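FYI, it's all coordinate maths here, none of it is from the lab. Since this is a predicted model, take the numbers as computed values, not measurements. Positions of Cβ are backbone-derived with ideal geometry, glycine not excepted, and every protein chain shown enters the neighbour counts.
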C-alpha cells in the first residue's frame, strides 16, 4: 500500500487498478475537493457536484452555484449516489477526468 501524502484513511479492500493512488502507480497533487456523488453510471468513474453559496449584492440575496467534476473511482472504494467524497487532483486520465476519489466521507 502506497503513502499518498494526504491525511486520509486508506481503504480496507485491495484492488489491482493501476490508476489507484493506494494500490497502483497514480500520483496525486494539487487540489483536494469535497462534494456529493451525483452519478455512478460510468465504468470506474463518478460525477461529483460541489455547491457554493454566493452573495449577489444587487439583489441582496444568496444564490447556489454548483460545479460538476468527473473523477476516477478505484475498485477498492465503494460509493453510491448521495455519498460525500473527497477527490484529489491527478494527471489527466481521460478527456474530462483529472481527479481521483480518495475517500468516502461519512
So for each of 34-40, 44-50 I average, over its residues, the number of other beta carbons within 10 Å; can you give me the resulting order with the highest mean first? 44-50, 34-40
So how far apart, in nm, are the two label points at residue 66 and residue 51 if each is 7 Å from Cα heading toward Cβ? 0.7
Full extension from residue 39 to residue 75: what is 0.36 nm times the residue separation minus their Cα-Cα distance, to one decimal in nm? 11.4 nm
Would you kindly work out the equivalent ellipsoid of the chain from its C-alpha gyration tensor and give its semi-axes, the square roots of five times the eigenvalues, largest first in whole Å? 28, 14, 13
With a 10 Å radius around each residue's Cβ, average the other Cβ atoms per peptide and rank 90-97, 22-29, 53-60, highest first. 22-29, 90-97, 53-60
